[in-house]
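*Asks:* First the structure, which I've put down as structure tokens, then a few questions once you've had a look.
Rule-based calculations on the coordinates, nothing more; no lab input. Remember, it's a predicted structure, so these values are computed and weren't measured experimentally. In this analysis, Cβ positions are derived from the backbone assuming ideal geometry, glycine residues included, and neighbour counts consider all displayed protein chains.
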Amino acid sequence: MTNHPLLKDLNPQQREAVTTINGPVLVIAGAGSGKTRVLTYRVAYLIKELGVAPENILAVTFTNKAANEMRTRIEKLLNINTKGLFIGTFHSICVRILRANIEYLPYEKNFSIFDRDDQIRVVKKLLEEIKSRETPKRLLHHIQKIKAGHEPESEWHYEFYKKYQQKLLELNAMDFDDLLLNTKKLFEEYEDVKNFYAEQFKFIHVDEYQDTNRIQYELLRHLSSKHGNIFVVGDDDQSIYSFRGADIRNILHFERDFPDAKIIRLEQNYRSTKNILKAASVLISHNTMRKGKTLWTDGPEGEKLIVHEAFNEKEEAEFVASKIEELGRPFSRNLILYRTNAQSRTFEEVFNKRGLPYIIVGALKFFERKEIKDLLAYLKLILNPKDDISFLRIVNTPHRGIGAKTIKHLSDYAIQENLHLLEAIPGFVEFKGMKYEKLRRFYNLIDHFLKLKEKKEDVFTILHALINTLEFEEYIRKTYEGQEPREKVEGRIENINALLGLAQEFVISQPQPTLENFMEQIAVQTEQDDMDIEQKDRITIMTVHNAKGLEFENVFITGMEDGVFPHKSALSTTYELEEERRLFHVAITRAKKRVIITYAKERSIRFGEFLSPSRFLDELPEDVIIFDSVTKRHRDIQKEEQEKRQQTELHRGDYVYHPMFGRGRILVKNGDKVKVLFTDGIKTLSLKFANLIKTR
């Protein structure tokens, strides 16, 4: 089998994964171990060697970009068209299932998919109706928690959640959570639907399994209920999205959930040097919630990791800039990571001053820009005329003299006649008279494009005609020239052209380039899909959460102070602290050649506090770390002072706080050793390393 054309480029563990066909399989794939290759080759192997029809294979990825890349690679391997193959994100696959089975649900096939901005607008509208001062964003958070299965905080929150769901139904709209929940509802309430897909998908593949949430897990249980051939690839050491609902228990309990599962570990790393891998492996070994694996490489020993102490964030950014200049071009080899977006400001200032080119990823995403959202709102309304949220956004954009008072009168009429805003216009204008003729002109505009849609015109034709009819570029110039720098105004025009280019590309690449299919693709975009990392010679700057799946020659991990990284919100529980450690592990394993770590003694986002180096730095193996001379001297002095202070200040009977065990009381103190009673028992700790904080 080793000489088989599809297997010859795989290592023994990868080959085992590709050729293990029947039953549940969990592949624990460490960073840089070739998990995408395994998934791609396995699908190709099923089609080419076992004769499995593409439509009987499901492959779930976490970004549309990954899905497209996988499809392209499979087609290249097999030299065939894989049109029938189901590859996509959970959300995109659920949309396909919902549209095909919409008659089972109280929606129409052309339902809108609301993004976060649309959701906020719905919540605001409902709050205005009930005259509540509750914060929309906080309320939306409660709604999302209820959808994730949490108990509502109060009866009022639950009643509002029901109002919100009813409003979405009236608007013929679903939010992102609904796409999963309604598919789950289909499977649980209509067994014939579930059985159809469970029968169709004989082989199920899931990438990034550690990032699945509970609902996604339940969907997979339904889909694999017939054949039981579920193949998941993931890395418990890279589970970093619990704030989005990801549940690490899904991967940790795989054997319990799928009895007789086979476990295969991919531990050979093809990305990083030996020193980088040793640092990452020793660090993550401090976690208890993990399957366990040891990354290794045939590659070189490589440079040691550098740790640099700065006085403040300005000095930190200057050091990073100097190091990048020292390393020389191309600048695109460099990635700067931080824990929170607020840390980007200083790098922008310093890099601008030095003339260093850079891009900040994850600041304002393409599909969140106002001019793009305005055009997409037009397309949403053309697709779903019941979408009052999109109607309200664009009825006076560009400005056409339709004021708030007019909209209020129209809304009152629509409620009275039980109509949606767009369909209420003809009757309202006829009833109220010609002074509302501007509304009729808006109605005629949308009606014209509704007819284009009904004629099955492709999305590029519709969008191009819309931009020309609205004179949208001229509107942008009139609105922003004089208010914004010229390059920013031109940037908005470029964005409009980029959206047109996207539509044109869609028409070329898709067999059915309809408005509905285009909007569906945009609606299920993920954050990673929207990351604008172009192949230009510039430094990339982003949060660690955005960096998963990426690799760069040189990686700078900044802001490594306790309370910053690990974040202060994660210091109280073992679960959260271990996720922060996994986040640091992800940061280190993005690097191919060099890791440079920095921390500061002072930082404006923690104003007035003296910061300690991150506890994670003490967990790195000393033989692969170089502290620059200034850093080492400061750290030694700091540690000595901390040890002396702890040994003199702490006494028997004192209450202390430990980052992992929580609050406790000192029972015995003997030199630098203490016995502390915590809620989960007595622990013997060293004052040198325990980081105990006196609380009373």
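*Asks:* Kirkwood hydrodynamic radius, computed over distinct alpha-carbon pairs, for region 222-349: how many Å, to one decimal? Kindly include the intermediate steps, with their values, before the conclusion.
*Replies:* Numbers: mean 1/r = 0.0535 Å⁻¹.
Computed over region 222-349, the radius equals 18.7 Å.
*Asks:* Right, next: So, with +1 on the Cβ of K and R and -1 on the Cβ of D and E, and no other charges, what is the size of the charge dipole of region 284-366 about its Cα centre, to the nearest 20 debye?
*Replies:* Working: 13 positive and 12 negative charges, 102 e Å.
Magnitude of the dipole: close to 480 debye.
*Asks:* Among the aspartates and glutamates, which fall within straight-line cross-link reach of Lys683, defined as a Cα-Cα distance under 18 Å, with same-chain neighbours fewer than 8 residues apart omitted?
*Replies:* Within the straight-line limit of under 18 Å, Lys683 reaches these aspartates and glutamates: Asp654, Asp672.
*Asks:* Which whole-number percent gives the relative contact order of region 4-93, counting Cα pairs below 8 Å spaced six or more residues apart?
*Replies:* 26 percent
*Asks:* Separate question: First measure r as the distance between the Cβ atoms of Asp9 and Asp680, then evaluate 1/(1 + (r/R0)^6) with R0 = 60 Å and state the FRET efficiency to the nearest 0.05.
*Replies:* E between Asp9 and Asp680, to the nearest 0.05, is 0.75.
*Asks:* If the cut-off is 16 Å between C-alpha atoms, which aspartates and glutamates fall inside it for Lys184, apart from same-chain ones fewer than 8 positions away?
*Replies:* Qualifying aspartates and glutamates at Cα under 16 Å: Glu103, Asp175, Asp192, Glu218.
*Asks:* Restricting to DSSP H runs of at least four residues, report the calculated mean residue ellipticity at 222 nm for the chain, -39500 (n - 2.57) per run over all residues, nearest 500 deg cm²/dmol. Intermediate results must be reported in sequence, preceding the final value.
*Replies:* Numbers: 26 runs with 325 residues, N = 696.
-14500 deg cm²/dmol, from helical runs alone.
*Asks:* If the limit is 22 Å between Cα atoms, which of Lys145/Lys293; Lys65/Lys137; Lys167/Lys380 go over it? Could you put the intermediate results ahead of the total?
*Replies:* Working: Lys145/Lys293 33 Å; Lys65/Lys137 29 Å; Lys167/Lys380 17 Å.
Checking Cα-Cα distances, Lys145/Lys293; Lys65/Lys137 exceed 22 Å.
*Asks:* Within region 288-391, report the chymotrypsin sites (Phe, Trp or Tyr not before Pro) that DSSP leaves as loop and that have at most 14 other Cβ atoms within 10 Å.
*Replies:* Working: sites: Trp296, Phe311, Phe319, Phe331, Tyr338, Phe347, Phe351, Tyr358, Phe366, Phe367, Tyr378, Phe391; in loops: Phe311.
Listed in order of number, the matching sites are Phe311.
*Asks:* Okay, next question. So how much slack lies between Glu303 and Asn396, counting 0.36 nm per residue of separation and subtracting their Cα-Cα distance, in nm?
*Replies:* Gain on extension, Glu303 to Asn396, equals 27.6 nm.
*Asks:* While we're looking at this one, here's another question. How big is the charge dipole of region 293-419 about its Cα centre, in debye rounded to the nearest 20, if each Lys and Arg gets +1 on its Cβ and each Asp and Glu gets -1 on its Cβ? Could the numbers behind the result be given before it?
*Replies:* Values: 20 positive and 19 negative charges, 122 e Å.
In total the dipole reaches around 580 debye.
*Asks:* Using the Cα centre as the reference, give the magnitude of the dipole from point charges on the C-beta atoms of the chain (Lys, Arg: +1; Asp, Glu: -1; all else neutral), rounded to the nearest 20 debye. Don't skip to the end; give the middle numbers.
*Replies:* Numbers: 108 positive and 105 negative charges, 195 e Å.
Taking the Cα centre of the chain as origin, the dipole is about 940 debye.
*Asks:* Mind checking region 350-431 for trypsin sites (Lys or Arg not before Pro) that DSSP puts in a loop (not H, G, I, E or B) and that have at most 15 other Cβ atoms within 10 Å? List each step's numbers first, then the result.
*Replies:* Numbers: sites: Lys353, Arg354, Lys365, Arg369, Lys370, Lys373, Lys380, Lys386, Arg393, Arg400, Lys405, Lys408; in loops: Lys365, Arg369, Lys386, Arg400.
Sites meeting the loop and neighbour criteria: Lys365, Arg400.
*Asks:* Need the list of lysines near Lys432 for cross-linking: C-alpha distance under 16 angstrom, and skip anything on the same chain fewer than eight residues off.
*Replies:* Result set, ordered by chain and number: Lys405, Lys408.
*Asks:* Specify which labelled value, from (i) 3, 13, 20, 19, 14, 11, 7, 5, 3, 2, 2, 1, 1, 1, 0, 0; (ii) 3, 16, 28, 28, 17, 6, 2, 0, 0; (iii) 3, 12, 20, 23, 21, 13, 6, 2, 0, 0, agrees with P(r) over Cα pairs in 10 Å bins from 0, in percent derived from the coordinates of the model shown.
*Replies:* Evaluating P(r) over Cα pairs in 10 Å bins from 0, in percent on these atoms matches (iii).
*Asks:* Right, here's the next one. Multiplying the sequence separation of Lys109 and Glu505 by 0.36 nm and subtracting their Cα-Cα distance, what value in nm do you get?
*Replies:* Working: separation 396, 0.36 × 396 = 142.56 nm, distance 2.48 nm.
Taking 0.36 nm per residue and subtracting the Cα distance, the gain is 140.1 nm.
*Asks:* Work out the FRET efficiency for Glu159 and Ala100 from their Cβ-Cβ distance, taking R0 = 51 Å, and round it to the nearest 0.05. Present the calculation step by step, with values, prior to reporting the outcome.
*Replies:* Numbers: r = 33 Å, r/R0 = 0.65.
According to the calculation, E is roughly 0.95.
*Asks:* Could you give the distance between the Cα centres of region 447-472 and region 51-103, to the whole Å?
*Replies:* Between the Cα centre of region 447-472 and that of region 51-103, the gap is 29 Å.
*Asks:* Sticking with this structure for a sec: Kindly flag which residue pairs out of Lys278/Lys592; Lys194/Lys226; Lys601/Lys694; Lys147/Lys370 have an alpha-carbon separation exceeding 18 Å in this structure.
*Replies:* Numbers: Lys278/Lys592 13 Å; Lys194/Lys226 10 Å; Lys601/Lys694 21 Å; Lys147/Lys370 28 Å.
Violating the 18 Å limit, Cα to Cα: Lys601/Lys694; Lys147/Lys370.
*Asks:* Could you work out how far apart the two model spin labels at Asp257 and Glu368 are, taking each label as a point 7 Å from the Cα in the direction of the beta carbon, and quote it in nm?
*Replies:* 2.9 nm
*Asks:* How do the peptides 484-497, 246-259 rank, highest first, by the average count of neighbouring beta carbon atoms within 10 Å per residue?
*Replies:* Working: 484-497: 13.6, 246-259: 17.5.
Final packing ranking: 246-259, 484-497.
*Asks:* Same structure, new question: What FRET efficiency would be calculated for the residue pair Glu170, Asn352, taking the C-beta separation as r and a Förster radius of 51 Å, to the nearest 0.05?
*Replies:* Working: r = 48 Å, r/R0 = 0.95.
Computed FRET efficiency for Glu170 and Asn352: 0.60.
*Asks:* Using only alpha carbon pairs under 8 Å that are at least six residues apart, calculate the relative contact order of the chain and give it in whole percent.
*Replies:* On the way: 1069 pairs, mean separation 115.1, N = 696.
Relative contact order for the chain comes out at 17 percent.
*Asks:* Going through the cross-link list Lys109/Lys163; Lys453/Lys478; Lys125/Lys438; Lys125/Lys386, which pairs have a Cα-Cα distance over 19 Å in this structure? Working shown, then result.
*Replies:* Details: Lys109/Lys163 22 Å; Lys453/Lys478 30 Å; Lys125/Lys438 24 Å; Lys125/Lys386 16 Å.
Flagged as over cut-off: Lys109/Lys163; Lys453/Lys478; Lys125/Lys438.
*Asks:* Can you give the % of DSSP beta bridges in the chain that are antiparallel, to the nearest 5? Write out the running numbers ahead of the final one.
*Replies:* Values: 19 of 69 bridges.
Looking only at bridges with both residues in the chain, the antiparallel portion is about 30 percent.
*Asks:* Pick out, from Tyr338, Phe187, Gln483, the residue whose Cα sits farthest towards the positive end of the charge dipole of the chain, with +1 on the Cβ of Lys and Arg and -1 on the Cβ of Asp and Glu.
*Replies:* Towards the positive end, the residue furthest out is Tyr338.
*Asks:* What is the distance in Å between the Cα centroid of region 550-593 and that of region 237-266?
*Replies:* 20 Å
*Asks:* Ok, one more. Ile626's amide H: which non-local residues (gap 5+, or another chain) put their own amide H closer than 5 Å, with H modeled 1.01 Å from N in plane and none for Pro or chain starts?
*Replies:* Here the answer is Leu305, Ile306, Val307, since their amide H atoms fall under 5 Å of that of Ile626.
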